[in-house]
Every structure is written in C-alpha cells, then in structure tokens.
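Let me begin by presenting the structure, written as structure tokens, before commenting on it.
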Amino acid sequence: MYWADAVVENLNGKQLISTGISPSGPIHVGNMREILTGDILYKACLDKKLDSRFIYLCDDMDPLRKVYPFLGSEYAKYVGVPLSYIPSPDGNGKYSDYFLRPFVNTLGKININVEVISTTGLYHNGVLSNAINIAISKRKEIAEIMHDVAGYDLDGDWYPYEPRCSKCNKITHSKVIKYEEPYVYYKCDNCGNEGRADIRTDDGKMPWRVEWPAKWFSLGVTVEPFGKDHAAAGSSYDTGKAIAEKIYNIEPPAPLMYERIMLKGLGVMHSSTGISISAEEVTKFAPPEILRFLIAKNDPSRHIDFDPGLGLLHLIDDYEKIENAYFGLDKPNNDNYKRIYEMSRIKTLNAPEKINFRHIVTLVQIYHDRGSLLGALKRSGYDKNEIDDYLDNEINIAEYWLEKYAPDDIKFSLTDKKILLNDNEKSILTEFLGKIESTNWDSGDIHNTVYNIIGEKKISPKDGFSVFYKILIDKTKGPRLGYFLSSMDKNYVINRIKNLI
Ligand SMILES: [Zn+2]
C-alpha cells in the first residue's frame, strides 16, 4: 500500500494535519519534505473522504538562537528575542516574515493549499492560554515526565513557561518568581526588569517540548509528520506523547517520521552553514511536479539524495515514465505508480500532450526566442498556435537549469565555425545529403538513415554520429542524434553540411 494511504488507513472522523517550521533563516529544499509530506497525507485523507484541514505553523515565537552568518553583527542584540519581535533584514516588517514570505510564494507554485498560522498569533489570541494554565498547574508532573522520558533534571522552581521580558524582549533570561492565574511574575537577568506576563497573550511562550503537545491539545491535531531529529528515543516526540497522554488527556497525533534530504555531494542541508538550496530556488530550476514527485515517490523512512545536476534529468525521466504508465503508454516500474502520480501532478494533462523535458532542454539551446521555438514544436506535432503558460514555465525552468545546474556535457550551442573534415567524414555527410531527400525529417527515420550509412562503411556508431555533433555544435557528443537533428530545421542542417563538404 502507498505510504500515505497506510498512515491514513485507520483514521476516522475529523482530521487536522499539522506541519511547521521555525523561520530563523532561508527555508531550504530539505524543509520541503515536511510540508510536502503533510500535503500528501492531507490529500490521502481527502481521498478517503475524511473531513480534513491542513495547517502550517510558523514558529515565530521561537527566539533567535545566534547571529547566523547571513546576518549583520547588529543582530547580536536580538539573540534570545522571538523572531516575530525582530526587524526584517530588509527593514520591511518582521524577521520571521522575511524568511517565510518566499516560502509561502513557493507553496502556490507546487500546488499546496495550506493554512499558514503564526504561533505568535496563537499566543496573542489566547488560543494556548488554557494549555499554559494546565501545564503550569501540573509543572511537577511535567518535570517528572521530562526526567523519566528524556533524562532532564529540572529543579523544583522550573516552570514550563518562558516570559518575554517587557523591557528587552528576550524570552531566554527571565526567571519565574510565581504564578497567579493568569499572570506569571518574573525577573529578567539580562536587563534586571521585573514584570508580569499574561498567559492570555504573547507575553511569553512554553518551551518547545511542552509547546508541541500543547498545540496538539489546543488545536486538535490528529496527524503530524516530523523529522528524524524529533523522533529518537527521549526526543521531543516521546516527551510530547507522554505529556499529551498524562497532562492533557489526549491521544497524540498519528506520527510519521521522515528522513532528511541531502544535497548530493554536500550532505545535510542547514540554512546556517550555507549548504543549502532554498525552496524558492528549486522551483526556478525544477518543474513543480518534480519537487512533489521527489517526496511522493520515496517512502518517508528513506533519505533522499537530491542532485540538482544530471540527477534532476534522471528524476524527470522517472516521473515521465510514471506519467506515461498512468495513461497506459508505458509499463509501470513501481507498484504504487498511480498514487505517486496523483500525488505529484500539478495539473491534469493528457500524457501525449506533454512535451518531454529533455526535449525542451535541447530546444532551448537551439532556439533562443519563443517564435522559432514554437515553429520547431509545431513541426513535431505541437498543435497550439502559441506557447501556453504551462509550457512557458517549463521553458523558463529549462533555461535556468542549463545556466546554473546542468553538467557541461548536456550543454551546447550551435556553431557556425569553419570545421575541417577528413575524407571519411565528408563521405558520411555527402551520402546523408543524398538520402535526406527521401527521408522523413523525423527522429526515427533520420537515425536509421545515419545508422545504415555508417554500418555500410564499417564505422562505429560513436565515431559516425560524432561527425554530426562536430559540425553542428563543435562537440564529440550531444543529445540522441535522430531526435536532435529532427529538432532542427531541415534546411538549416542541409545548408550547414553543404557549406562544409
Ligand atoms: Zn530584560
């Protein structure tokens, strides 16, 4: 059974699928696994006709942990301050929004409809106040759970609440003095301020290990995917589960642990180390369904090596194979191909209507304007009078990928250089010209014609084909020959050969 369907199989009634992130820096493609796993579970719930909601919690009450390399030294004074209380690096609004905004824009492109909810807003509107009150009232029991499950030694005056200092805004330096519902009295050892925090607003927050189950309780979360680092023994899921059951008297959400996405050759992505590609960047060089496909096809327990170079083309080939299988045009290579395709596709296209991405990658290197590119497409059967938005996006993506990520042996440009040919090469081309009249200008016929010519001459395909690459792109190899030549205008190829023999 498909992994998402297996998670959803035993669920009944209303579902709330929750995902989230701490927007402390650029949101990278590794983080996409969280939201896409959530989205796929959400779609699986909807397919099972369960009344479902899908939310994305932006953990903007989390404090800034340190001055990251991408921040100026002026951010030192904000360490310990909630992200929603720190100005944006571009001076426009909040720090948390600055990093969240491009991510949210990206979600639309990959067909994710999620309610984005600010955790600061949850505190501010009192949504979590009941959970805070319960946690503080049962703080001794929570301390015991933290000790028994995770080995924490919390002293007797520990509170599951971190007041935000009303003077310096830090939530990391306040010592709780006492609690009188709804106020938490504190002293800040950063600035010496003494004050009281109202639990009905964003005057403070719960520590993560308590906040997580408090959100399950307050919002009614039933399904939650989370990364491996939350899942080890004694991790925040274990303490969260115990707090949910013993303190809040609820069932914890159905968990789904997912492995990480590694960037091929670079390892685990971290915004703070610069080993990352932002989620926004990926939508510029990979077709949107491919990003979904990457997550949809891999079981969450498997880590993913994401290769934005040649690996991306292989991934796209794999997607196109599944798409063709879905439409009965190819044999499936995966038991779950139908579900994988349904979870990946952005738009329902008929497979024959779709233009192979490798073909687009070739065409954009031959034709540098949309008009001539459209001409070439029409010659190969594209029946529209203009390039539609879907294809236009694919073309932009192919161009961007070629510029920034494609390996050199995929890249080429047409040459008009004078190329010197030996007699053998001239004879291949001369014979090709002679036969071209009676050859359909389509990839199969061209391939067969060239293949027959070099076969008679006892020349290896590699050497024989390379003549054509040499005169057209000044390289020894290139895209599959028949299809490559057929992508070009027949007269262009004929004239080029005539000029050189
Ligand atoms: Zn203070």
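The values are calculated or read from the model by the stated rules, or taken from the named source; none is laboratory data. Since the structure is predicted, the reported quantities are computational estimates derived from the model, not experimental observations. No Cβ is skipped: glycine too gets one built from the backbone with ideal geometry, and neighbour counts run over all protein chains shown.
Give the residues of segment 66-111 that are of a type in the set (Phe, Trp, Tyr) and over 30 Å from Ser344 (Cα atoms), sorted by residue number.
Step one: filter segment 66-111 for residues of a type in the set (Phe, Trp, Tyr), giving 68, 70, 75, 78, 85, 95, 98-99, 103.
Residues satisfying the conditions are Tyr68, Phe70, Tyr75, Tyr78, Tyr85, Tyr95.
Mind checking whether some residue in segment 196-205 is under 24 Å from Ala254 (Cα atoms) and either more than 16 Å from the ligand (Cβ to nearest atom) or in the same structural domain as Val7 (by TED's automatic domain parsing) (or both)? Explain how you work it out, then say what you get.
Our first condition is that a residue be under 24 Å from Ala254 (Cα atoms); within segment 196-205, this holds for none.
There is no residue in segment 196-205 that is under 24 Å from Ala254 (Cα atoms) and either more than 16 Å from the ligand (Cβ to nearest atom) or in the same structural domain as Val7 (by TED's automatic domain parsing) (or both).
Any residue that is within 30 Å of Ile40 (Cβ to Cβ), crowded, with 18+ Cβ neighbours inside 10 Å and more than 16 Å from the ligand (Cβ to nearest atom) - is there at least one of those in segment 131-144?
So in segment 131-144, the residues within 30 Å of Ile40 (Cβ to Cβ) come out as 131.
Then drop every residue that is not crowded, with 18+ Cβ neighbours inside 10 Å, which leaves 131.
After this cut, where a residue has to be more than 16 Å from the ligand (Cβ to nearest atom) as well, the list is 131.
Yes.
Out of Val104, Val127, Val116, I need the residue that is within 30 Å of Tyr390 (Cα to Cα) and not in a strand (DSSP E or B). Which one?
Numbers: Val127 fails: within 30 Å of Tyr390 (Cα to Cα); Val116 fails: not in a strand (DSSP E or B).
Checking each option against the conditions leaves just Val104.
Does segment 17-68 hold any residues that are assigned to a helix (DSSP H, G or I) and over 18 Å from the mean Cα position of the chain (by Cα), and which are they?
So in segment 17-68, the residues assigned to a helix (DSSP H, G or I) come out as 29-47.
Ala44, Cys45, Leu46, Asp47 - these are the residues of segment 17-68 that are assigned to a helix (DSSP H, G or I) and over 18 Å from the mean Cα position of the chain (by Cα).
Out of everything in segment 147-187 that is more than 14 Å from the ligand (Cβ to nearest atom) and under 36 Å from the mean Cα position of the chain (by Cα), what residue ends up being surrounded by the fewest Cβ atoms within 10 Å (Cβ to Cβ)?
Among residues in segment 147-187 that are more than 14 Å from the ligand (Cβ to nearest atom) and under 36 Å from the mean Cα position of the chain (by Cα), the one surrounded by the fewest Cβ atoms within 10 Å (Cβ to Cβ) is Gly151.
Report, ordered by the first and then the second residue, all pairs with beta carbons closer than 9 Å, sequence separation of six or more or different chains, a first member in segment 328-344 that is outside the structural domain of Leu41 (by TED's automatic domain parsing), and a second member that is exposed (fewer than 11 other Cβ atoms within 10 Å of the Cβ) and part of a helix (DSSP H, G or I).
Close Cβ pairs satisfying both conditions: Leu329/Pro352.
Kindly evaluate Asn190 against the criterion of being under 41 Å from the mean Cα position of the chain (by Cα), surrounded by fewer than 17 Cβ atoms within 10 Å (Cβ to Cβ) and near the ligand (Cβ under 9 Å from one of its atoms). Step through it out loud before you land on a result.
Numbers: under 41 Å from the mean Cα position of the chain (by Cα): yes; surrounded by fewer than 17 Cβ atoms within 10 Å (Cβ to Cβ): yes; near the ligand (Cβ under 9 Å from one of its atoms): yes.
Taking the combined requirement at face value, the residue satisfies it.
For segment 295-309, does any single residue satisfy the condition of being closer than 30 Å to Trp441 by Cβ, surrounded by fewer than 19 Cβ atoms within 10 Å (Cβ to Cβ) and not aromatic (Phe, Trp, Tyr)?
First pass over segment 295-309, keeping only residues closer than 30 Å to Trp441 by Cβ: none.
Checked segment 295-309: no residue is closer than 30 Å to Trp441 by Cβ, surrounded by fewer than 19 Cβ atoms within 10 Å (Cβ to Cβ) and not aromatic (Phe, Trp, Tyr).
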